[in-house]
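*Asks:* Take this structure first; my questions come after.
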Amino acid sequence: MSVQSSQVPDLMKLSQIPTDLEQSVDTDVLDPVVFSQSFCRFTLQNKGFLHSFSSISLCLDAPANNPNATYPTNIGIHSLIERATLKVGAKTICEIEDFANYMGYKSLFIDNSINVERESVISGRLTAHQISLLTTSDANGSAITIDNSTYPVNDITSGDIDGAILPSYSAGGQASASFVETGFQVKDNLILVNRPELRISLADLFPFLRFNQLPLFMINEPVSIEIVWTPKSPGTNNPRYCFQDTGADVSERLDITQSSVKMIADYIYYDGSTMSEYQNANREMNFNYVDYRLTKRTYAYDDTSKQILNIGGAGRIVNKLFTALGSDNASAVGLLNRFNAKATAVTGNNVGQLTTNVRYNDHFLYPIDRSLSAIQFHDIVQTEGNVPYICRDEYNQEGGGALGGGLSDEVRDQYNGHPLDEEWRGEYFYQAHRLNRNERINSRGIELETTFSALEGASAADNYTQRVWIEIVRSATLSNGMMDVFYA
């Protein structure tokens, strides 16, 4: 007698299961089958269900000349990955280009408290805020500063640590050059001289796994994960980590520690009869998921003309798109490194303006071009169904600085020697648009129109790269152990 699929629990979904269903988890720590300083590949065992929140751990070698170096505050350890690919056999299921820049956008939607309590320990992300107070007894605050669950140091050179807990890596006491004199210090678990091994979730690497657990025991092809590392760029534009503000040796290059690169793979099992019944009831399985495609173009800093960029999608179903204009000359001496989204320049007391619209299927998405930044922020909320956890000063520089309730310009509120009003202000100016007509894109593709009234820069070295990711609907079919992938 055949087993009806409705009688078998859906074991792949990340949701509740019957309380009387026994579940066991087997954890393997896998070494990469291929490793170099530019590329890495893992091969999974075809057993059980792969838990979507399995992870990859890694770290950098300890710096010799930059004792205060750390990872970018907005994306943490994700800065080490340039491209991530999930393959079944020779077929690509998911692939994301410029992954570290992509995570700059995705990390906007993590609650501040989660960044402080969880992500700062697991992945190194630390975009979190608190009110800047003059003293511990002060009831009023006029500015915003970073929250890394420590108290700022006033002046370590004079022995006044003002209640702060100082890092343990200091070799020469309070006045050691291992940390800055004032402000918030980098905690031990994020300082690179301590070689912290941080983790990246597979669900972050591959949207396919965000809502599905891969049934490896039903797949008769090799399942592999390929990672291209962020290159060690010459000069000050080193994307792998951030230097301290003063005394940095910007020529130092760090390798990824091979022995630290591991995959912590969790395989989920149920009792034998349940697994067999599930396989028999699902000889053919269909998956609908989203994947991302990147288009990018370089712009001159003084180009204020309308730019029309064709971002593809012809013949596909596209749900949404999001974009960032990153500075090409962003230095590693900075809290966000090069993984930013620059706002328009401020001239005097006036903030610049971005005018944008999206055209597809011979119609504009908006009847009137978007030029008000408050509306553009609202578009992000409508696109994602979630509010970015950033302040107005960080988004488009309209917070007015410390005097207007923006990011603090006080020395006591610096992080790793970096003033927040310079390092975070206007660095999160992402744009997002949801395509609301539920139509397949015609042969012309999607066109993004943008006009920046002004950008910061003074020479050709100050150019920018605009990155646009479109979210495409894809489908995969698992039939008799073989996977087939196609666009919806």
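The values are calculated or read from the model by the stated rules, or taken from the named source; none is laboratory data. Values in this document were obtained by computation on a predicted structure and should not be read as measured data. All Cβ positions, glycine included, derive from the backbone under ideal geometry; neighbour counts span all protein chains shown.
*Asks:* Quick one: how many residues across region 177-226 are assigned to a strand (DSSP E or B), at pLDDT below 90 and within 23 Å of Met285 (Cα to Cα)?
*Replies:* Taking region 177-226 first, the residues assigned to a strand (DSSP E or B) are 183-184, 198-201, 212, 214-215, 223-226.
After this cut, where a residue has to be at pLDDT below 90 as well, the list is 183-184, 212.
Next cut, within 23 Å of Met285 (Cα to Cα) only: 212.
Number of matching residues: 1.
*Asks:* Now a separate question. Report every pair of residues separated by at least 6 positions or lying on different chains whose Cβ atoms are under 8 Å apart, first residue within region 61-83 and within 12 Å of Ile256 (Cβ to Cβ), second aromatic (Phe, Trp, Tyr) and part of a loop (DSSP other than H, G, I, E, B).
*Replies:* Partner pairs satisfying both residue conditions: Ile77/Tyr71; Ser79/Tyr71; Ser79/Tyr241; Ser79/Phe339.
*Asks:* Next up: Would you point out the residue of region 84-121, among those that are of a type in the set (Lys, Arg) and not in a helix (DSSP H, G or I), that is surrounded by the fewest Cβ atoms within 10 Å (Cβ to Cβ)? Give the steps one after another, and end with the answer.
*Replies:* Step one: list which residues in region 84-121 are of a type in the set (Lys, Arg), which gives 87, 91, 106, 118.
Of the ones still in play, those that are also not in a helix (DSSP H, G or I) are 87, 91.
Values: Lys87: 20, Lys91: 14.
Looking at the filtered set, the residue picked out is Lys91.
*Asks:* For Thr73, only one of the following conditions fails: (1) polar (S, T, N, Q); (2) buried (at least 19 other Cβ atoms within 10 Å of the Cβ); (3) within 19 Å of Pro207 (Cα to Cα). What is its number?
*Replies:* (3)
*Asks:* From the residues in region 245-285 that are acidic (Asp, Glu) and surrounded by 15 or more Cβ atoms within 10 Å (Cβ to Cβ), which one is modelled with the highest pLDDT?
*Replies:* So the first thing to find is which residues in region 245-285 are acidic (Asp, Glu), and the list is 245, 249, 252, 255, 266, 271, 277, 284.
Among the residues that remain, those that are also surrounded by 15 or more Cβ atoms within 10 Å (Cβ to Cβ) are: 245, 252, 266, 277.
Numbers: Asp245: 73, Glu252: 84, Asp266: 94, Glu277: 86.
Restricting to residues being acidic (Asp, Glu) and surrounded by 15 or more Cβ atoms within 10 Å (Cβ to Cβ), the top hit is Asp266.
*Asks:* Now, a different point. Here is a list: Asp409, Asp393. Which entry is surrounded by 15 or more Cβ atoms within 10 Å (Cβ to Cβ), touching an Asp or Glu at 6+ places or on another chain (Cβ under 6 Å) and closer than 19 Å to Ala128 by Cα? Outline the logic, then answer.
*Replies:* Values: Asp393 fails: touching an Asp or Glu at 6+ places or on another chain (Cβ under 6 Å).
Matching residue, one of Asp409, Asp393: Asp409.
*Asks:* Would you mind telling me which numbered condition in (1) farther than 26 Å from Leu335 by Cβ; (2) in contact (Cβ under 8 Å) with a residue 40 or more places away in the chain Gln431 fails?
*Replies:* Single failed check for Gln431: (1).
*Asks:* Confirm whether Phe49 is of a type outside the set (A, V, I, L, M), modelled with pLDDT of 65 or more and under 20 Å from Thr274 (Cβ atoms). Spell out the reasoning first.
*Replies:* On the way: of a type outside the set (A, V, I, L, M): yes; modelled with pLDDT of 65 or more: yes; under 20 Å from Thr274 (Cβ atoms): yes.
Yes; evaluated as a whole, the condition is true for this residue.
*Asks:* Give, as residue ranges, the strands (runs of 3 or more DSSP E) completely inside region 258-348 that count at least 1 residues that are touching a strand residue (DSSP E or B) at 6+ places or on another chain (Cβ under 9 Å) and of a type in the set (Phe, Trp, Tyr).
*Replies:* Details: elements: 262-270, 284-299, 307-312, 318-327.
By residue number, 262-270, 284-299, 318-327.
*Asks:* From Tyr428, Tyr487, grab the single residue that is among the aromatic types (Phe, Trp, Tyr), buried (at least 16 other Cβ atoms within 10 Å of the Cβ) and under 27 Å from the mean Cα position of the chain (by Cα).
*Replies:* On the way: Tyr487 fails: buried (at least 16 other Cβ atoms within 10 Å of the Cβ).
Checking each option against the conditions leaves just Tyr428.
*Asks:* Residue check: is Leu108 farther than 26 Å from Ser233 by Cβ and either among the aliphatic types (A, V, I, L, M) or at pLDDT 95 or above (or both)? Can you show your working first?
*Replies:* Numbers: farther than 26 Å from Ser233 by Cβ: no; either among the aliphatic types (A, V, I, L, M) or at pLDDT 95 or above (or both): yes.
No; evaluated as a whole, the condition is false for this residue.
*Asks:* If you don't mind, another one. Which of the numbered conditions does Ser443 fail, given that it passes all the others? Conditions: (1) in a strand (DSSP E or B); (2) touching a Gly at 6+ places or on another chain (Cβ under 9 Å); (3) among the polar types (S, T, N, Q); (4) surrounded by fewer than 17 Cβ atoms within 10 Å (Cβ to Cβ).
*Replies:* For Ser443, the exception is condition (1).
*Asks:* Got a number for residues in region 322-350 being farther than 18 Å from Ser107 by Cβ, of a type in the set (A, V, I, L, M, F, W, C) and crowded, with 18+ Cβ neighbours inside 10 Å?
*Replies:* Matching residues across region 322-350 total 2.
*Asks:* Going by the conditions given, is Ser6 modelled with pLDDT under 60 and not in a strand (DSSP E or B)?
*Replies:* yes
Let's see how each residue does on (1) touching a Leu at 6+ places or on another chain (Cβ under 8 Å); (2) closer than 20 Å to Thr344 by Cβ; (3) assigned to a loop (DSSP other than H, G, I, E, B):
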{"site": "Ile390", "(1), (2), (3)": "yes, yes, yes"}
{"site": "Glu394", "(1), (2), (3)": "yes, yes, no"}
{"site": "Arg425", "(1), (2), (3)": "yes, yes, yes"}
{"site": "His433", "(1), (2), (3)": "yes, yes, no"}
{"site": "Asn436", "(1), (2), (3)": "yes, no, yes"}
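*Asks:* I want to confirm something. Restricting to region 349-362 and keeping residues that are touching a residue at least 24 places away in the same chain (Cβ under 8 Å) and not in a loop (DSSP other than H, G, I, E, B), which single residue is nearest to Gly315 (Cα to Cα)? Spell out the reasoning first.
*Replies:* Step one: of region 349-362, the residues touching a residue at least 24 places away in the same chain (Cβ under 8 Å) are 351-362.
With not in a loop (DSSP other than H, G, I, E, B) added as a condition, the list becomes 351, 354-360.
Numbers: Val351: 39, Leu354: 29, Thr355: 27, Thr356: 24, Asn357: 21, Val358: 17, Arg359: 15, Tyr360: 11 Å.
Among them, the one singled out is Tyr360.
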